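Asker: Okay, handing you the structure first.
The values are calculated or read from the model by the stated rules, or taken from the named source; none is laboratory data. Nothing here was measured: the structure is a model prediction, and the numbers come from that model. Here the Cβ is made from the backbone with ideal geometry for all residues, glycine too, and neighbour counts use every protein chain on show. Remember, those area values only see protein heavy atoms, side chains included, never the ligands or the DNA or RNA. Shrake-Rupley method; radii C 1.70, N 1.55, O 1.52, S 1.80 Å.
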Amino acid sequence: MRWAVLLSGTLLYAALYSTVPLLPGLERLFGSPPGSAGLGISLPFLALVLLSPIVPRLRLPVGQVLGGGLLLVGLFGVAAALAPGLGVWLAARALQGAAAAAVPGLSLALIPQLFPRHSQEMAGLWVAGNVLGGGLGRALGGFLGDAVGERLALLLLTLPVVIPAFWLLRERETLTLPAPTYTLKAWPLYLIGFALLFINFFTANLLPYRLEALGLSKAQIGGVMLAYLAGIPGSALAGTLVRRLGEVAAVRLAFAVVILGLGLGAAGERGERNLRGGLLPGRDRGGDRLSTLLGAEPLVGFRGGDRGELGGFWAGGKGAAIECNLLKQRAL
């Protein structure tokens, strides 16, 4: 069960995030207006967040909960890949997120029992695996979208989640977990988590459109999103940093890395504007104002290889990964 739990997060987030570089193509496939497919990213994660607190309260064998959730993620993912229109696709994606809620919170709660001697380090590796899955899901989604089309790309990246599902469904081991408690006294942690998720999804929904407007193919957009893999070292190091520095100092360090990333991104953007007179070829003033309005865009909106902004994305992603992992470990 231990390794199935670690693998499940990687395959789950690869399936959920594979849609990101395909958003413009899916809108053309469904004949829908620009921006309408963005709900296909927001709805599943909204369902995941809202339902996750309920899952640890289920008094069912953990293997059945985790395996059943992953199996349903795969089935709803197939339904989404074969959807005839935008409405059915959005419904299938929302149900996919609801099923996915069975996995992250319960997996994290199991780690101290599955790895009692190295719970913090293994929690860091578990989060790093999730980051790996999300980064590869985006990259492979773009590559396969160009190679075989949007539908088959989604199908190929959804089906692997059933592998650990069948593995976990065979488990008969029953692990007793303490009843979870939630308190509003932890509101600073909730606020940090909300801010990180807001920036993540705000930019995730915008980025494929921005990069496509610059002439990038789906495969190239997926390649750009490999920069999300910068979160792996931050996630993997979080447990060690907590042990050595303490939780408060580790969070401060994570924020310092994020601020450094934002600074590098802003410097890269200013350098680009000075070099090119403030505009890229084929880009109008309205797009430039939109870039300025976004605020978070220097963190992730780099333009196809600009070193300054890529460095900002890498550093920001690493720091954000540390913060997300610390928030999760705080619940252990």
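Asker: Taking Ala98, is it part of a helix (DSSP H, G or I), open to solvent by 10 Å² or more (accessible area, probe 1.4 Å) and either among the hydrophobic types (A, V, I, L, M, F, W, C) or touching a Lys or Arg at 6+ places or on another chain (Cβ under 7 Å) (or both)?
Answerer: yes
Asker: Could we say that Ala79 is open to solvent by 20 Å² or more (accessible area, probe 1.4 Å) and of a type in the set (Gly, Ala, Ser) here? Break it down stepwise before answering.
Answerer: Details: open to solvent by 20 Å² or more (accessible area, probe 1.4 Å): yes; of a type in the set (Gly, Ala, Ser): yes.
Criteria met by Ala79.
Asker: Mind checking which pairs have a first residue in segment 16-43 that is free of Cβ contacts under 8 Å to residues at least 60 places away in the same chain and a second that is of a type in the set (S, T, N, Q) and outside any helix (DSSP H, G or I), Cβ under 9 Å, 6 or more apart or different chains?
Answerer: Ala37/Thr19; Gly40/Thr19
Asker: Further, regarding this structure: Before we move on, is Leu177 at pLDDT 80 or above, surrounded by 14 or more Cβ atoms within 10 Å (Cβ to Cβ) and under 24 Å from Val49 (Cβ atoms)?
Answerer: Here the answer is no, as Leu177 does not meet what is asked.
Asker: If you don't mind, another one. Given the structure, is Leu58 without any contact (Cβ under 8 Å) to a residue 40 or more places away in the chain and on the phi < 0 side of the Ramachandran plot?
Answerer: Considered against the rule, which asks whether it is without any contact (Cβ under 8 Å) to a residue 40 or more places away in the chain and on the phi < 0 side of the Ramachandran plot, Leu58 comes out as yes.
Asker: Looking at Pro56 and the list (1) buried (at least 21 other Cβ atoms within 10 Å of the Cβ); (2) at pLDDT below 85, which single condition is not satisfied?
Answerer: Of the numbered conditions (1) buried (at least 21 other Cβ atoms within 10 Å of the Cβ); (2) at pLDDT below 85, the odd one out for Pro56 is (1).
Asker: Moving on to the next point. Exactly one of (1) closer than 19 Å to Trp3 by Cα; (2) in a helix (DSSP H, G or I); (3) open to solvent by 10 Å² or more (accessible area, probe 1.4 Å) is unmet by Pro116. Its number?
Answerer: Against the list (1) closer than 19 Å to Trp3 by Cα; (2) in a helix (DSSP H, G or I); (3) open to solvent by 10 Å² or more (accessible area, probe 1.4 Å), Pro116 comes up short only on (2).
Asker: Working only within segment 5-40, note down all residues that are surrounded by fewer than 21 Cβ atoms within 10 Å (Cβ to Cβ), at pLDDT 85 or above and of a type in the set (A, V, I, L, M, F, W, C).
Answerer: The answer is Leu7, Leu29, Phe30, Leu39.
Asker: Do we have Gln113 as under 17 Å from Gly40 (Cβ atoms) and touching a residue at least 12 places away in the same chain (Cβ under 8 Å) here? Give the derivation first.
Answerer: Numbers: under 17 Å from Gly40 (Cβ atoms): no; touching a residue at least 12 places away in the same chain (Cβ under 8 Å): yes.
Judged against the criteria, Gln113 is not a match.
Asker: Of all helices (runs of 4 or more DSSP H) completely enclosed by segment 1-92, which ones contain at least 3 residues that are more than 26 Å from Ala213 (Cα to Cα)?
Answerer: Result: 2-17, 39-51, 62-81.
Asker: If you take the residues of segment 160-174 that are open to solvent by 80 Å² or more (accessible area, probe 1.4 Å) and not β-branched (Val, Ile, Thr), which of them is modelled with the highest pLDDT? Walk me through how you get there before you give the answer.
Answerer: Step one: of segment 160-174, the residues open to solvent by 80 Å² or more (accessible area, probe 1.4 Å) are 163, 166-167, 170, 172-174.
Filter once more, keeping what is not β-branched (Val, Ile, Thr): 166-167, 170, 172-173.
Values: Phe166: 88, Trp167: 84, Arg170: 83, Arg172: 70, Glu173: 68.
It comes out as Phe166.
Asker: Right, something else. Out of segment 125-158, which residues are of a type in the set (Gly, Ala, Ser) and open to solvent by less than 30 Å² (accessible area, probe 1.4 Å)?
Answerer: Ala128, Gly129, Gly133, Gly134, Gly135, Gly137, Ala139, Gly141, Gly142, Gly145, Gly149, Ala153
Asker: Here is a follow-up. Quick one: Gln64 ticks every box in (1) free of Cβ contacts under 8 Å to residues at least 24 places away in the same chain; (2) open to solvent by 30 Å² or more (accessible area, probe 1.4 Å) except a single one, so which number is it?
Answerer: Status for Gln64: all satisfied but (1).
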